[in-house]
Amino acid sequence: MQKHLFKLYITGQTPRSERAIANLRRMCNAALGNNYEFVIIDVLEQPHLAEEDRVLVTPTLIKQVPPPPRRVLGDLSDTERVLSELRVQAAPPPGPPTGEEP
Amino acid sequence: MTDSTTNGAIERLPVGIPGFDLIAHGGLPRGRTTLVAGTAGSAKTVFAAQFLSEGIVRGDEHGVFVTFEESPSDIRGNMRGFGWDIAQWEAAGQWAFVDASPRPEDEAIVTGEYDMGALLARVEHAVRTVGARRVAMDSLGAIFARLGESPIVRRELFRIVSALKKLGVTAVMTAERTQEYGEISRHGVEEFVADNVVILRNVLDDEKRRRTVEILKFRGTSHQKGEFPFTILPGAGIMILPLSAMELTQQSSDVRITSGSSELDEMCGGGFFRDSIILVSGATGTGKTLMVTQFMAGGFAAGERCLLFAFEESREQLFRNAHGWGIDFEGMERDDKLRVVCEYPEIAGLEDHLVRMKTLIQEFGPHRVAVDSLSALERVATVKGFREFVIGLTSFMKDQEMAGLFTATTPTLLGGESVTEAHISSITDSIILLRYVEMFGEMRRGVTVLKMRGSKHDKDIREFTIDASGMHIGKPFRNVVGILSGRPTHVDSGELDRVARLFAEGSSGEG
């Protein structure tokens, strides 16, 4: 299965940013095992990237791969919605099946 | 109650939108954010773009345009017609877009707490990159449409406003209104950008659109109150006509000029005043256009430049008429002493007419101007708009010390007053009435000077005739009463003498 690639935009190292990162990690670990990668972009350091991706709010999570690109806003605490919105399928496991995610 | 700039309280940023700085007592509060609210189609985006454009054109003040609604390429295209080459300014590093316009693929749901740190970072980045002094954000409603009506959005917008203040830029934020008169803006945007509020209106009144701008408040500083009409012109953008804000500083001149008819001059106590506005009112065919023609010819004979705005008759017709009265308009135009401008009133709104007429007057620099007729222009305006037009035109002409002759058509053949007359008679300095007089089964013409500000004048109603050499004023109608009311009645001369004696002492000039 294709590796999932994410971009996470945050504004500074705030509790909200930390929470979003933690939520993303937990969610991906559960759904994708370790078959994913993500980059964290701090808009205070790289505002031009936010301009290119036309990001308004932070945190913003963009799923780049597999296509089509999709994005969700907020600190990702509503995991169920994030997964369904990003169409992240529970990994058809390389090993034995792992239940009914999501 | 004067400008507080001198106290160092709130500095002004001259915006450069024509007329705005006058009603704003110098400009927008510098370093602050001003809310510009208006209904759909009230020219909010044009205002926002012009705010930046004027900064670049006039003062090399760079600008950032944050767009939440239209895409940058749409804005570039839409604003090109106003002569603003945004793409070129972008290339020169004078203008930057922050593109927050919606794209379908960027649609996203909210899955937890968020802030608008990314937008703020982008705005700050753009401001620093181009060294912006001005920021425009258009329009806030679109943000609510995308993120939902939430307290977070309000809090974040407030944060952006504070950040802009820290950056020291002067900003304009636009917001939607649902109705022309009512709450300031949808979503209660004014709660967080409350210090300065400007409202743009586009009111449908009597089937005619009328655009106005009103400064609702500038916290801690002064501005003109009330609505001011504005127009949007190709190649220029918004142009505010601050009519009632103009000061009555014109000086009154004692210099007399000829009306083009020595007999009429005599009735007026020696001619019109050089910087006066004369209204000639009469039914169709009473000789208004003739008076205009003679007024022009009189100016030409005195070596003056004359400008005629005709809204009723074609050029050919006017020239033929003039020729019929022995006046050579063609020759006058050849000598560059006369210009005749013929237009249909319906081709434009009254504000546009006013701007064009002013431009033509400025270009040609006439000593005297005639408008034939104002009634034709009244057709395309609201009552208020028409009055403002006349005030705008007359004060502009008086500023330049020009004489103006306007005609008004009365709706009835006999007597009667015209609507035009009722609306503007107090604005004009002199009023001349032309009337049909029915006598012994014959139509004759009468002329009287009803008002002549600052001078004595003939109070008689005199008969006049028109022939191939123009207008000839004769004797007063001595034994007829009721001419002006349209019901001429003959009285015997005994009664007339008695009345004449009664008022023998009483005739004097009008104030």
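Throughout, read-outs are computed from the coordinates displayed, never taken from laboratory work. Every value quoted in this text rests on a predicted model; they were computed, and no experiment measured them. We place every Cβ from the backbone using ideal geometry, glycine too, and count neighbours over all the protein chains shown.
Okay, here's what the table says:
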quantity	calculated
Phi-based couplings in Hz for the stretch B:45-51 (Karplus 6.51, -1.76, 1.60; Gly and Pro marked x)	5, 4, 4, 4, 5, 5, 4
³J(HN,Hα) computed for each position of the stretch B:13-29 - Karplus, 6.51 cos²θ - 1.76 cosθ + 1.60, integer Hz, glycine/proline x	10, x, 6, x, 5, x, x, 5, 5, 5, 6, 8, 6, x, x, 6, x
Spatial separation of Cα centroids for the stretch B:224-238 and the stretch B:295-372, in angstrom	26 Å
Ellipsoid semi-axes in whole angstrom, largest first, where each is sqrt(5λ) of the Cα gyration tensor of the stretch B:4-240	25, 21, 20
Whole-Hz couplings from phi, Karplus 6.51/-1.76/1.60, listed for the stretch B:398-404; x for Gly and Pro	5, 3, 8, 6, 10, 8, x
Percentage relative contact order, the stretch A:4-86, counting C-alpha pairs under 8 Å, at least six apart	41 percent
For B:141-147, mean number of other protein chain Cβ atoms within 10 Å	1
For B:M116, B:M239, order by how many other beta-carbon atoms lie within 10 Å, fewest first	B:M239, B:M116
Which of B:Y344, A:Y9, B:Y181 has the fewest Cβ neighbours within 10 Å, and the rest in rising order	B:Y181, B:Y344, A:Y9
Exercise: per-residue mean of other protein chain Cβ atoms within 10 Å, A:71-82	5
Choice from A:L49, A:L76, A:L32 with maximal GNM fluctuation in chain A (Cα, 10 Å cutoff)	A:L49
Proxy reagent accessibility, fewest Cβ within 10 Å first, across B:I347, B:I23	B:I347, B:I23
Placed amide H near B:T410: partners under 5 Å, 5+ positions off or other chain	B:G282, B:A283, B:T284
Value at 222 nm in deg cm²/dmol, rounded to 500, when DSSP H runs of n ≥ 4 in chain A each add -39,500 (n - 2.57)	-10000 deg cm²/dmol
Bridge type composition, the stretch B:4-240 - antiparallel percent by DSSP, nearest 5	40 percent
Long-range amide H partners of A:F38 with built H, under 5 Å	A:F6
Theoretical ellipticity at 222 nm over chain B - DSSP helices of four or more residues, -39500 (n - 2.57) apiece, nearest 500	-9500 deg cm²/dmol
GNM top mover of A:V82, A:V57, A:V72 - chain A, alpha-carbon springs below 10 Å	A:V57
28 Å Cα-Cα threshold exceeded, pairs from B:K208/B:K451; B:K384/B:K456; B:K44/B:K165; B:K337/B:K358	B:K208/B:K451; B:K384/B:K456
Residues whose placed amide H lies under 5 Å from that of B:V480, excluding near-sequence neighbours	B:V491
Average beta-carbon neighbours from other chains, 10 Å sphere, peptide A:44-51	6
